[in-house]
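Working notes, beginning with the structure itself.
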Amino acid sequence: MLQYKVAIIGAGPAGYFAAQALQNLQNDERTFAIDMIERLPTPWGLVRSGVAPDHPKIKTVAKVFEKIAADPNFRLFANVEIGSEITVTQLSAKYDAVIIATGSSLGKKLGIPGEELYGSMSAADFVPWYNAHPDFTDLDVPLDCDTAVVIGAGNVAMDVARMLALEPSELDSTDTADHAIEGFKKSSVRDVYISARRGPEHAAFTAPELRELPKLEHTNVIMARSDIDAAIVRAGDAPEKEVKSNLDAMLLIADSQKTEQERTMHFLFQHTPKEIIGTDHVEGIVYSTPSGDVTIKCGLVITAIGYQAASIEGVPYENGKVVNIDGRVKEGMYVVGWAKRGPSGVIGTNKSDAAGVIELLVSDLKSPKNAGDISELTSKQIVIDQAAWQRINEAEVAAGEHEGKPRKKFVKTEDFLREALI
Ligand code: NAP
């Protein structure tokens, strides 16, 4: 029986599905000892710090992750950073294969004047702030303005706009960070604009997310019927299935009865951001549109126009992704998920994506190296292993139960470490 050692860097969906694919390819001749290494004190990646808190069903995939982690040949090494603490080269020397599964954590920039003003930020910062990511706890989000603008026509922009436009008490029963719920409760924001640079037929929103909007209890959603009618004409007689579903859902929004709600989400199409204006903070945004420039006064601009991968020394990157051919980076190194293909697809997309890369990895295997493992490389006093993570997980869930939440997330690294040491 051959036992291969595989290190997976990153404990998000792509990493777990890579581990699952390896587990599925074990047989009478070979097994895989999997070490999953994560920089943060907690696993689950975007399922914990990306998925919107008002979408708890999407997070149930974490049960699959925990099943993968329950395999006796799986170990978690959280609170350990590859790149600074341990180099990729050191790791590669120990393992038969290293899989990069670090996602895309940096927000793309618009590259327009005023983008650096206070009050202009990326969804790559705002989303982890409301999801209790320890690196973003202290993010300064100016919510003392009446209008916020979200740029982008994808599901991240939609999540961000919805979180800003919801009646905040709707978040009490979710796992939104306490600091964010407090911020939203004090927020003066009542109008949220979400802007697309192209027409509705090109929007990257998906239909289930659009269909949710008319059901929002405390928020009006405004989409101009004329925008959708024109898009239907442009889309022609045989639009793609996704485009048709989106346009149908948009018609429902455009035709839904407007109420006297205090909060409103407005959709703007064919609005290309030109300049964010203000002296020392955001005071508005100028768009170019088919009918000339339009200015919207606002105090907060959040850009949700895609992501790129943060780099790790020793790994080649190009255009915000790890350089790879079908997931192979170089001998003994592979990449899966957003770091491989860029920020596209839903969580489940990573399952088939990882399965393909793991088949390639397995076909490349030679004899096992038997060269030790990461425990010989880390000098970290506190490594959060699977048992410690389970204690953290249970403590969060128990704390949430008292308040009718699925969990109450810790936000400070010292809180995680204290719980891990018990
Ligand atoms: P996305 O779906 O690729 O959308 C990015 C949007 O940004 C597009 O509308 C794009 O417009 C726009 N954009 C790009 N550059 C721009 C610029 N310079 N100026 C103005 N707009 C610009 O990306 P995402 O929203 O970050 O989502 C990433 C992935 O996660 C997607 O696959 C998404 O479906 C998924 N996701 C899913 C869920 C869910 O299932 N509920 C939730 C969140 C995210 P153009 O088309 O004109 O380039």
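The values are calculated or read from the model by the stated rules, or taken from the named source; none is laboratory data. Fair warning: this is a prediction, and the values are worked out from it, not measured in the lab. Virtual Cβ from ideal backbone geometry, glycine too; neighbours counted across all protein chains shown.
Among the listed residues Ala254, Ala224, Ala230, Ala249, identify the single one that is within 15 Å of the ligand (Cβ to nearest atom) and modelled with pLDDT of 95 or more.
Being within 15 Å of the ligand (Cβ to nearest atom) and modelled with pLDDT of 95 or more holds for just one of Ala254, Ala224, Ala230, Ala249, which is Ala249.
Is it true that some residue in the stretch 364-379 is assigned to a helix (DSSP H, G or I), within 14 Å of the ligand (Cβ to nearest atom) and either buried (at least 16 other Cβ atoms within 10 Å of the Cβ) or touching a residue at least 40 places away in the same chain (Cβ under 8 Å) (or both)?
Within the stretch 364-379 (the criterion being assigned to a helix (DSSP H, G or I), within 14 Å of the ligand (Cβ to nearest atom) and either buried (at least 16 other Cβ atoms within 10 Å of the Cβ) or touching a residue at least 40 places away in the same chain (Cβ under 8 Å) (or both)), the answer is no, since none of the residues qualifies.
Restricting to the stretch 268-312, give me the number of residues that are hydrophobic (A, V, I, L, M, F, W, C) and within 15 Å of the ligand (Cβ to nearest atom).
12
Looking only at the stretch 195-204, filter to residues that are closer than 22 Å to Thr147 by Cα and either in contact with a helix residue (DSSP H, G or I) (Cβ under 9 Å, 6 or more places away or on another chain) or at pLDDT below 95 (or both); which one of those is nearest to the ligand (Cβ to nearest atom)?
Of everything passing the filter in the stretch 195-204, Ala196 is nearest to the ligand (Cβ to nearest atom).
It is to be established whether one or more residues within the stretch 104-124 are away from the ligand (no atom under 12 Å from the Cβ), outside the structural domain of Arg30 (by TED's automatic domain parsing), in contact with a Lys or Arg (Cβ under 9 Å, 6 or more places away or on another chain) and not in a helix (DSSP H, G or I).
Within the stretch 104-124, one or more residues are away from the ligand (no atom under 12 Å from the Cβ), outside the structural domain of Arg30 (by TED's automatic domain parsing), in contact with a Lys or Arg (Cβ under 9 Å, 6 or more places away or on another chain) and not in a helix (DSSP H, G or I).
Listed here are the residues, each with its yes/no results for (1) exposed (fewer than 12 other Cβ atoms within 10 Å of the Cβ); (2) in the same structural domain as Ser288 (by TED's automatic domain parsing); (3) more than 21 Å from Pro290 (Cβ to Cβ).
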position	(1), (2), (3)
Asp237	yes, yes, yes
Lys241	yes, yes, yes
Leu247	no, yes, no
Ser256	no, yes, yes
His266	no, yes, no
Phe269	no, yes, no
Pro273	no, yes, no
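Filter the stretch 115-145 for residues that are within 15 Å of Val51 (Cβ to Cβ) and of a type in the set (A, V, I, L, M, F, W, C) and give the result.
Ala123, Ala124, Phe126, Val127, Trp129, Ala132
Within the group Ile325, Ile382, which residue is β-branched (Val, Ile, Thr), away from the ligand (no atom under 16 Å from the Cβ) and under 30 Å from Asp178 (Cβ atoms)?
Ile382
Kindly indicate the residue of the stretch 343-363 that is within 16 Å of the ligand (Cβ to nearest atom) and charged (D, E, K, R) and also surrounded by the fewest Cβ atoms within 10 Å (Cβ to Cβ) among those meeting that condition.
Applying the filter and picking the extreme gives Lys351.
So Asn79 ticks every box in (1) more than 22 Å from the chain's Cα centre (by Cα); (2) within 30 Å of Gly332 (Cα to Cα) but one. Which box is left unticked?
So the condition that Asn79 fails would be (1).
Based on this model, can you work out whether Glu217 counts as within 12 Å of the ligand (Cβ to nearest atom) and surrounded by fewer than 16 Cβ atoms within 10 Å (Cβ to Cβ)?
In short, no.
Between Val156, Val149, which is assigned to a strand (DSSP E or B), modelled with pLDDT of 95 or more and either outside the structural domain of His55 (by TED's automatic domain parsing) or more than 29 Å from Ser344 (Cα to Cα) (or both)?
Criteria check complete, one pass: Val149.
Filter the stretch 205-214 for residues that are crowded, with 21+ Cβ neighbours inside 10 Å and of a type in the set (A, V, I, L, M); which is farthest from the ligand (Cβ to nearest atom)?
Across the stretch 205-214, the extreme among qualifying residues is Leu213.
Assuming Ile232 fulfils every condition listed in (1) closer than 24 Å to Ile285 by Cβ; (2) out of contact with any Pro (no Cβ under 6 Å at 6 or more places or on another chain) apart from one, which condition is it?
(1)
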